[in-house]
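The values are calculated or read from the model by the stated rules, or taken from the named source; none is laboratory data. As the structure is a computational prediction, the values presented were derived from the model and not from experiment. FYI the Cβ positions are ideal-geometry reconstructions off the backbone, even for glycines, and counts take in every protein chain you see. Ligands, DNA and RNA are stripped out before the accessible areas are found, and what is left, the full protein with its side chains, is counted by its heavy atoms. Shrake-Rupley method; radii C 1.70, N 1.55, O 1.52, S 1.80 Å.
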Amino acid sequence: MTAPTTAPTARDILTEEEAKARAARISNCSYRLDLILTAGAPVYRGDVTIAFDDVGTGDTYLCFRGKTIERLELNGKTIAPNWNGFRLFLPAAELRARNTVHVVYENEYDHGGDGFHQFIDPEDQQEYLYTNFEPYEAHRLFPCFDQPDIKADYTVSVTAPASWTVIHNAAEASATSAGEGRTKHQFEQTKRFSTYLFCVVAGPYRAFREVHNGIPIGLFCRESMAAYLDTEEVFTITRQGLDFFADFFAVPYPFGKYDQIFVPEFNAGAMENVGAVTHNEFMVFRDPPTDSQRRRRAEVILHEMAHMWFGDLVTMRWWNDLWLNESFATYMAYLSMTSATRFTNAWVDFNAAIKNWAYRQDQLVTTHPIAGQVADTDQTFLNFDGITYGKGASVLKQLVQTIGLDGFREGMREYFRRHSYGNATLGEFLGALEHGSGQDLKDWAAKWLETSSLNTVSADWQADGDRLAAMTLRQTAPSDYPTIRPHAFEVALVREVDGGVQVEALRARLSAAEADVPEAVGKARPSLVFPNYNDHGFFKVSLDADSVAFARENLERIDDELLRQLLWSSLWNMVRDQQLSSLEFLALVRERIGREPRIEMVEVVLNQAQVALARYVPEERKAAEATALCAAAWDGLHAAAEGDPKITWMRAMINAAANEADLALLARVADGQETVAGLTVDQQMRWDIATKHVAYGMDGAEERIEAEKARDASDRGRRAALRASTSVPVAPVKAEAWVRFRGDSYGSLHDTVSAMSGFNWARQRDILEPYVEKFFASLVEVFETGDKEFVSDYFGALFPAYRVERGVLARSEELLGTLGDRLPMLTRMLREANDDLLRSIRCREFAAGG
C-alpha cells in the first residue's frame, strides 16, 4: 500500500498549456471503474482500468488525489507508483501506442462539498454520498485525465448497502447480491463526455419516477426531505424543458435517462452531470415558498437541462470558453421559461437577478472579457461569476436581437450537427451562428466577447411645443475600457394620455459614439424616455432629468412591469454611481414600493434597500433609516394580501430590524402575542428573529434559541444554531470561534461557514475590533494552505465589510501591495473587496453631502 511518494510542493492545479500538451498526445480514452462503499466508513475503495491511445514521447501523468494506492499496473506490468499526491506519473519506458493502466486504491470521503462528499443526516443518522467535480475535482474520486477535452466513455459498478439507491450518469443494467447485505449495481456504458461531468450518488435516497416521451425521469432526495419535495411542479418543468430544448435544437435528448438529485451541503446551485443533475437542497422548500422562489428553481432546472446539449453534448475545449457553457445555459433557461412554462414574465426576473449581478461584476476592478484567457484551473474557479453567467447571457440576448431568433436557432442546430460528442471553441461557435444567421459576427464578437466593462447610453431630446424636434442617442465608455460597441435595442417614449400612461417603442441601433433617431421627430412629447425598452441591450442607462422626475412620481402607474423593473434598476444604479443619494432612494422606497402591484418587484427593491442601508447610508443616519424602513415594512405587512406578499414584507421587516423595540415587536409576532392577520411565521423566520435577539443581547435570547432547536432538529436547524452560537456579543465567545474556524472547525465546510456567518455584526464593532487585524494577518497562510472552497468562504464571511471606513480600506490595500504575483485568488478577492468598499465609502460621503 503506497501513500504519495513525495509531499506536494505546489497547489493542485492544471494549466492551459499542460492541458494542451496532454490532449495532443492522449485520445480514445475509456474507464472501467468499480467502487466499493461501506456504510458508516470514513473511506471507500476503488478499482479503475484506463485504456487510452498515446502518440507522445516522454512521461505522461494521470491526475489523482487519493489516500493510498495498493496496486499500479501499466500495460500488464506492476510498477511502483511515482505519485506526488495529485499527479500519478506514467513512465515513458512502459508506454505504447495503446495503453492500459490498472489502479487499485483507497480514498477518504470529502466533507467540503467537492470530490466525493459524505453527509450524515442529523434527523435519522442516514448516510448520503454524492460527487461534485467542476472544474477540476474528478481526480478526487479516481485517477483520470481530468480536463474537458479528453472525453471518454465510462463503465461503472458500485457495491453498496442493499438499502441504498445508487445513481450514475448511465442507466442501471443490473443489480445483484454481493452478500453481507450489499448489492452490486452495474451500469450501462456511457456516451463520451468530459471527466468533470461524471457522477455517482449513493444512499437511502427517496425516489420518484415517471417516463416522458420515452425518457425515464427520476427525482431523488433525502428521506427526511421527501415530504417537502413538490414533485408535481418539478416534473412539470422537467417535461416542458425536455420538449422545448429538443425542438429548439432539433436534437432529441441525447443521454437516455434524466435524473435530478437534491443533495445536502452542496456548494453551488446545481451541477449538470450527464443524465444525473445534482441540485442544492435549498430548492426543496421546507417553508412555504414564494412564487419568486419557485421561478428561480425553474430557472436552475432549465439551466442545467440546457447544459445537456450545450456543455455536455458539446463541451468547451478549455475553461477560457466557460461562458460557452454558462452564458448560453442562462439565456436558454430564461428563453424556455417564457416560451414553455407558466413563468412567462421571467425576463423581469432576469433583469433583477442576473443582469444586475452582471452590471455589478462588470464594474469591478477585476472585470474581464466574457471570453478571455484562463491560465489554470484555479482561475476557472474565480470565473464562475456575474460576467460568465449574467453578462454573457445578456450579450446573447443582445445578439438575438441583432440577428433574429430564427438565425440564432438555425446557428445552434448547425453547431450540434458539427460538434456533437466533441469539443468546440469560441471561433467554432461563432462560425455556426454565422452559418445560421448569414451575418459576419467577427466584429461583434471582438467588441462584445473579447473586451471588458460596459457602456452607458443616454437619450438627448428636444421638443418643439408638444412634439419631439430631435433625439440623439449617445454612448460612453470608461477611460480604462474605452470600447464603443454596437447596440440593438428599443427606445421607450412614455407619456400621459387620458389620465393613463402610454408607452411607444422605437427600434434603434447605436454603433458609434452617437446616432440620431429620425423616427422620433414629430412624435408627441414624452414625459419619460428610456433607451433600453424590453431590456435587449447590455448597458447602463443614464436618464435625463425630466425622465428621472417623472419616474420618481409615477413608477406604479406604468403598466409594463418590465419597464418598471428597468426604471427601479436605473435608480439603483444611480445610487451606486453617486448620482442619487442613498437617503433619497430609501425615502422613495418607503413612499412608492407599497404601491407596486407585483410582489416579486417589491422583493427586489426591498433587498436593494437593505444593501443601501447596510453599505451606502452614512453611519450616523443608519439607526434612524433602519427604524423608518422597519416601520414601512410593518405597515406593508398589515396592508399586504395573504401568501407571497405577507412573506415578503415579514422577511423585509426582520432584515431591517436594528433596535430593541423592533426586535421585541418581531418576537411578539413570532410568539403569537401580536397578531398579523393572514401571516404564518415560518421556521426560517423564527431562526432569523432568534439569531438577531442573540446578536443584539436581548433578554431571553438563549431560551429563544433553545426553543427553535427543539422545533427544528434538521441540518438546517443545526446550521442556524451554529450561526447563533457565534453571534453572542461576548468577547470569549468570539475568541473561541476564531480559533475553531481554522482549527477543529465545526464539522463539515457548510457547518463551519454557518458558524462564520454569525461572527461579524455591525452592532458588535467594539468587541470585534481585534479581529480586523487578525483577519488580514491570517489571509496569506489561509490561502497558502486551504482548499479553494474554504478560502473563498473564509474571506467572504470574515472580511470586515460592516466597517465602511478608509482605515479598513488602507489595511486591505497594504496587504494587497505585499502579494506581488503570489496567491492570485487572494489578490483578486482583495481587489474586489476593496473596490466594493471604496464604492460604499463614496456613496456614504455623497449621501452626507461630502
Residue count, the stretch 74-84, condition surrounded by 15 or more Cβ atoms within 10 Å (Cβ to Cβ) and not polar (S, T, N, Q), comes to 4
Counting only residues in the stretch 708-749 that are of a type in the set (Ser, Thr, Tyr) and touching a helix residue (DSSP H, G or I) at 6+ places or on another chain (Cβ under 9 Å), the one surrounded by the fewest Cβ atoms within 10 Å (Cβ to Cβ) is identified as SER745
Selection from the stretch 550-560 of residues part of a helix (DSSP H, G or I), under 13 Å from ARG595 (Cα atoms) and open to solvent by 10 Å² or more (accessible area, probe 1.4 Å) yields ARG552, GLU553, ASN554, GLU556, ARG557
Residues of the stretch 461-486 being among the small types (Gly, Ala, Ser), loosely packed, with under 15 Cβ neighbours inside 10 Å and not in a strand (DSSP E or B), in sequence order, are GLY465, SER479
Restricting attention to the stretch 476-524, the residues that are of a type outside the set (D, E, K, R), under 16 Å from HIS536 (Cβ atoms) and under 30 Å from the mean Cα position of the chain (by Cα) number exactly 4
Expected single match for over 22 Å from ARG763 (Cα atoms) and either touching a helix residue (DSSP H, G or I) at 6+ places or on another chain (Cβ under 8 Å) or at pLDDT 95 or above (or both) among ILE705, ILE647, ILE654, ILE689 is ILE647
Within the stretch 169-200, residues of a type in the set (Phe, Trp, Tyr) and touching a residue at least 40 places away in the same chain (Cβ under 8 Å) come out as PHE193, TYR196, PHE198
Taking the stretch 304-319 and keeping residues closer than 13 Å to THR330 by Cβ and either among the aliphatic types (A, V, I, L, M) or out of contact with any Asp or Glu (no Cβ under 8 Å at 6 or more places or on another chain) (or both) leaves MET305, ALA306, PHE310
- Looking at this structure, is ARG71 at negative phi and either part of a strand (DSSP E or B) or open to solvent by less than 60 Å² (accessible area, probe 1.4 Å) (or both)? yes
In the set ARG140, ARG98, ARG87, ARG182, the lone residue that is over 26 Å from GLU272 (Cβ atoms) and either surrounded by fewer than 17 Cβ atoms within 10 Å (Cβ to Cβ) or touching a Gly at 6+ places or on another chain (Cβ under 9 Å) (or both) is ARG98
In the stretch 253-292, anything in contact (Cβ under 8 Å) with a residue 60 or more places away in the chain, in a loop (DSSP other than H, G, I, E, B) and open to solvent by 10 Å² or more (accessible area, probe 1.4 Å) is listed as PRO254, PHE255, GLY256, LYS257, GLU265, ASN267, ALA268, ARG286, ASP287, PRO288
Among the residues of the stretch 513-537, the number that are open to solvent by 30 Å² or more (accessible area, probe 1.4 Å), under 14 Å from LEU473 (Cα atoms) and either in contact (Cβ under 8 Å) with a residue 60 or more places away in the chain or in contact with a Pro (Cβ under 9 Å, 6 or more places away or on another chain) (or both) is 0
Expected single match for assigned to a helix (DSSP H, G or I) and open to solvent by 30 Å² or more (accessible area, probe 1.4 Å) among GLU591, GLU600 is GLU591
Conditions (1) in contact (Cβ under 8 Å) with a residue 40 or more places away in the chain; (2) under 26 Å from THR648 (Cα atoms); (3) over 19 Å from the mean Cα position of the chain (by Cα) -> GLU299 fails only (3)
*Examine the stretch 47-65 for a residue that is in contact with a helix residue (DSSP H, G or I) (Cβ under 8 Å, 6 or more places away or on another chain), in a loop (DSSP other than H, G, I, E, B), closer than 24 Å to ASN169 by Cα and in contact (Cβ under 8 Å) with a residue 12 or more places away in the chain, and state whether such a residue exists.*
yes
